[in-house]
Structures are given as C-alpha cells and as structure tokens.
1. For helix B:47-57, report the angle its Cα long axis makes with the longest principal axis of the Cα atoms of chain B; keep it between 0 and 90° and round to the nearest 10°.
2. What is the distance, in nm, between label points placed 7 Å from the Cα along the Cα-to-Cβ direction at B:PHE18 and at B:HIS67?
3. Cross-link candidates for B:LYS72: which lysines have Cα within less than 16 Å, leaving aside residues fewer than 8 places away along the same chain?
4. Which is farthest toward the positive dipole end of chain B among B:LEU246, B:CYS151, B:SER212, measuring Cα position about the Cα centre, with Cβ charges +1 (Lys, Arg) and -1 (Asp, Glu)?
5. Would you compute, from DSSP H runs of 4+ residues alone, the mean residue ellipticity of chain A at 222 nm, taking -39500 (n - 2.57) per run and dividing by the full residue count, rounded to the nearest 500?
6. What shape does segment A:1-83 have by the C-alpha gyration tensor, where a ≥ b ≥ c are the square roots of the eigenvalues, rounded means a/c under 1.5, and otherwise prolate means a/b greater than b/c and oblate the rest?
7. When we measure straight from the Cα of B:LYS9, which lysines land under 24 angstrom away, once same-chain ones fewer than 8 places off are left out?
8. Have a look at B:LEU265, B:ILE303, B:LEU289 and report the one farthest towards the positive end of the charge dipole of segment B:233-313, computed about the Cα centre with Cβ charges (Lys/Arg +1, Asp/Glu -1).
Amino acid sequence: MDLIRKASQWASGKSPWILHFNAGACNGCDIEVVDCVTPRYDLERFGVVKQGSPRHADVLICTGAVTLQTRDRLKQIYEQMPEPKRVIAVGTCACTGGVFDGCYCVTGGIDTVIPVDVYVPGCAVRPDEIISAVERALSLKTDGEGDKK
Amino acid sequence: MEVLQMLFKVLLFPGFLFLTSYAFAAEYIDRKLHARMQNRKGPKWYIPFADFFKLIGKQTIIHDDAHAGIIKAMPVVSLAGVATAFIYIPVVGSSAVFSFEGDIIIVLYFLSLPVLTQFLAGWYSRSLYATIGASRVITQMFAYEVPLFMCLLAPSLIANTWSVSGITQYYSEHPLYALINLPAFAVALITVQSKLSKAPFDAPEAETEIVSGPYVEYTGRPLAFFRMSADCEEVVLISLVSAIFLPFLSGNAVIDVILYFVKTLAILFVLTLMRTVTARLRVNQTVTLCWRYLVPAALLQMIVNLIVRGWLA
C-alpha cells in the first residue's frame, strides 16, 4: 500500500488535468489558455490534458472577474472537483477584479468566492506563464502554501 | 509444476501483466503518434502510468443519486472481461494460453462486456450527460457489433475452425489465403475503431457535446480502472485482428514475439491515423455506415469464403 501511495504522490505532479472556467472574462485570457494546447506550446508534453468534466480535473483555471451570474456556478464547479485540487487565477481581472473592480455586477477576483493557490497577473496572460503556473500549482504540497495576496 | 507454469502464463506472460504494460505502452504510442501527426511534441513515455497512479490517489466522489455498487463494480467487470478474452488470443506463435474449438465466440462475448459496462456505468451515474452517452454507446454497439462479428467469423469459414489459435495456425500454413480476407480486414479495422469509441466514432464520449459521455461522473479509482480497461481493450482487439488477418509466423518463438509487436503496432498506427484525419460522425451516420456499407461487405466476404471453401474441398 505504501508503494502505491508513493507512486500516486510521484504521479500527482506528472499528469495535471486542467479545467478551464470563464467567470466573466473578456475572452482575452481564454484565448491564451486555449493557446497552451496548440502545437506551438503543446501542454501535453507535460502530461497536461484539457478535460471537460470537473470530476476529472486536478487544476481549475479561472479567468475574469466573478460576475453575479457565474458566482454560484463557479462555487459549484469547485465543489464538484475531487481532492486534491488546485485553483489558478489567470489574468489581472481574475486576481483582483481588474478594471471591473467595484462594478455593480461583479464581486471581484476569484478569491472572493473560492480559495486560489496561484495568481498569474497580466492582461492578457502569456501562455508560457500559464504553463509555469500549472507546474507551480502542482508542486504545492499542502493547502494555503500558495501565493499570498 | 504445470500449475505454476499455467499461473505464470495467465498472470505474467502473455497474461495480465504483459497485457496491462503493453496497454499503457500502446496508449503512449497512440498519443505520441497523434501529437506528431498534429505537429506537436506529445507526452513523455511515463505519462499514461502517471495518469493511472494519479487517479488511484485521488478522492472518489459518488454523488447521492448514483448507484454506488454499480459505479464501483463496472470498471472491474470491464477489466476482467477484457483480460479473460486475452487468454484465448495467441501472442507467441499460434498457441494461446487456453484454446478450444469455438473460443472465438467466447472472445467476442468477453469483448462485448466493456461496452455493456459502459452503458450501465453511464445509466446509473444519473447525470444527464452520462445518460445521453450511455444511450449513444448502446446505439453504436448495435451498429458495429454485427459487421465486426461477421468479418471476424468469415476467415474461420476457410480455416474450418472456430478457435483463434486454429485460425492463426491454418493461415500461417497457407499465408496466400489471407489475401482473400482483405475486404474483411478493412471492415474489421473500421469496426474496431468504432468499438473503441475513437474518432470518427467518438460520439459516445464526444467531449465538446456531452463532456465525456458515460464517464462524466467518474472520479479516482473507478475512473483509473475504466481508462486502464479501455487501453487493454485496444490491445486485445488489435491482437485479435492481427492473429486472424495477419498470419505471418516464422516458427521461432523470439522472432514470433517481434512479429507480434510489428503487426500490432502497424494496426495501432492505422487506427491512430484514422483518428487523426477524421472528424466525428453523428450516431445516425455511424449506423448508416455500418448497416448500409459494412454489413453487405462482410456478407459478401462470407459468401466468397463459402465458395472458396467448397472449391478447396
């Protein structure tokens, strides 16, 4: 049993499956997330596979400031993911709310709704920064070890 | 001693251990080839193992509406069915671990099990996507199962035996007769692709429409074993097709094992090529393709083979 636990510990950093969620972004960061799976960046080199179901995902990649419309859905999707799970906030809006902060229909950054492990600022974020963020999110051993705001 | 030898054959080579390792290797080769054909670099060799062990270590969520017993049992049933089918398929030369007259029927029966377990898994997940996926799985099964059975049974008419080992033995002695079965070989490749639910027949798992079909609610260990059983099913199917349609043997055990890998990898290459260059068919298009074109082709092959058999006798 110990061997299997060790193997799954080793494996947990080698095969991150990502789920992409648009919480209200302008689509700029989303295109950069999609860029990661194109031949130029090819995330599958690192074992990253884009999944459709939150049940299969290890890493939730969120873009955009959270609008009132997506708030409950974002929370639901986060709760549907199996442990251990990591959340990456991609883009300035996802980190702080960005230019939409204080808007009547926006609650702010992703961390106003769900705990975030890694912040990637930028408008829009570059694909290589997303790749290094995924790598970093998986190297975190325990909860609350990620970026401090 | 004989018992030990049997256990070695069933559990290690060419049994369960060989099957699972080759299955992971085949998944890697498939993904790598797919990536190279798309001008990407593709995954490293250990990624399929990492996927499996990562899923083993993850939390297993079974939501309240789902049937916990079925959700947990189905992956194991599927894997057991596939692994049992592999015992009757020759890997080294023309002799399988077990064989008897009529074992091709058993193999085809065991290979239907994964499809039925997929259906049950999707149905008892009680999720909308999974239910649609399950109904697509079973609809597609009614389309490809008949031509697949017909084209795999056609060569046995000439060989005059219903055992996989017997068919391999016969055709390795008369390799030229295998040329008669070429149309059936083409039908077999297409229907095998359909049985594996890969593009262009990936409607049951269509990621862009129904997320991942029957597996949508699966997490952790059950998902790991379902993925493993799908990989094993691929290896069993390509081994079966290569045993029946590519009967080139040398008589030397080592060379035969190398030949086995060459033949199965060639078939795997064709399947990967098919999945890279085609787009998804709708379920009704799959049914039309199978019943309007593949079944008549397989039927014609059977008639031709019956005539050849009468002419040979």
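1. Approximately 50 degrees, to the nearest ten.
2. Calculated label separation equals 3.7 nm.
3. Hits, sequence-local ones excluded: B:LYS58.
4. B:SER212
5. Numbers: 5 runs with 50 residues, N = 149.
Theoretical 222 nm ellipticity from helices: -10000 deg cm²/dmol.
6. Numbers: a/c = 3.60, a/b = 1.40, b/c = 2.57.
Note, shape of segment A:1-83 comes out oblate.
7. Cα-Cα hits under 24 Å: B:LYS263.
8. The one lying farthest along the dipole's positive direction is B:LEU289.
Quick note: the coordinates plus some simple rules give every number you see, no bench work behind them. Predicted model, so just to flag it, every value in this text is computed and none were measured. Please note: Cβ atoms are built from the backbone with ideal geometry, for glycine as well, and neighbour counts cover all protein chains shown.
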